[in-house]
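These notes are about the structure you will find just below.
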Amino acid sequence: MSGYEPPMIERLNVSRIRNPWIVVAAYNEAPMVGSVVSGIRRAGYTVVVVDDGSSDRTGDVALLAGAVVVRHPVNLGQGAALQTGIDYALKQRADALVTFDADGQHSPMAIAALLAAIEQPGIDFALGSRFLTGATANLPVSRRILLSAALWFTRASTGLPVTDTHNGLRAMTARGARAISLRQNRMAHASEILHQIAQSRLRFVEVPVNIEYSAYSLGKGQRITDALAILIDLFARRLYR
């Protein structure tokens, strides 16, 4: 199910969602994580930052900005950090979770739209998409080509009619979160989540979201060689299951 456009509201007023948590995985994000956390907190949400073995002050900066901070003693990768954050939020009785990147490319204003989408009966996942009507993303050509390849692979291997496969902005109900068990510790977790959504048979929608690319966020992104290695690894894992 693709292309759903929920009402653009700043905060849910009457809601079945009472305890949403925002999960941020962060590795060496001290220059940006404080403003990211502050923006989420100003929007009215509780946020847990998983400091994934950073060598800078990422965890301390996030804590000062108002986040709950969980620390990995060593760097395990974004997938592992997200799983730690999901598990932590569920232990706090979160009834909905939103994953949110630490590099400043996501807007806290998008959180309400994602939560509104999973308010709809029977919907357990809301996936942010840069490529739906109403979304904006000033992608470099090389990144767009790479995402197109990832999209082809994900559609072919899962059957999910998604338009954006590697968007870190997504919401899930507690039921949806319990269906996610990330084993891909590195960036391959984005495709793994979609595989697990397909296997769960829970319903999803896509929601248009704006992505603000900067020199900082592009510098933190994957190299083409890294992403190609991820695609090859995922294909091999599917082939030899």
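The values are calculated or read from the model by the stated rules, or taken from the named source; none is laboratory data. Quantities reported herein were computed from a predicted structural model and do not represent experimental measurements. Cβ: placed from backbone, ideal geometry, glycine included. Neighbour counts: every protein chain shown. Note: accessible area is taken over every heavy atom of the protein model, side chains too, but ligands, DNA and RNA are not part of it. Shrake-Rupley method; radii C 1.70, N 1.55, O 1.52, S 1.80 Å.
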Practice prompt. Search the range 27-52 for residues that are without any contact (Cβ under 8 Å) to a residue 60 or more places away in the chain and farther than 16 Å from residue 97 by Cβ and pair each with any residue that is part of a strand (DSSP E or B) and small (Gly, Ala, Ser) when their beta-carbon atoms are under 7 Å apart and the residues are at least 6 apart or on different chains.
Written response: 51/26; 52/25; 52/26
Practice prompt. Specify the residue that is surrounded by the most Cβ atoms within 10 Å (Cβ to Cβ); the eligible residues are those in the range 66-123 that are without any contact (Cβ under 8 Å) to a residue 40 or more places away in the chain and in contact with a helix residue (DSSP H, G or I) (Cβ under 8 Å, 6 or more places away or on another chain).
Written response: 69
Worksheet item: Tell me, which residue of the range 156-179 that is open to solvent by 10 Å² or more (accessible area, probe 1.4 Å), among the aliphatic types (A, V, I, L, M) and touching a Ser or Thr at 6+ places or on another chain (Cβ under 9 Å) is modelled with the highest pLDDT?
Response: 179
Item to complete: Among the residues of the range 23-50, write down those that are within 19 Å of residue 72 (Cβ to Cβ) and not in a helix (DSSP H, G or I).
Response: 23, 24, 25, 26, 27, 28, 29, 47, 48, 49, 50
Worksheet, complete the sentence: Conditions (1) more than 30 Å from residue 159 (Cα to Cα); (2) modelled with pLDDT of 95 or more -> residue 14 fails only (2)
Worksheet item: Among (1) at pLDDT below 85; (2) surrounded by fewer than 19 Cβ atoms within 10 Å (Cβ to Cβ), where does residue 184 come up short?
Response: (2)
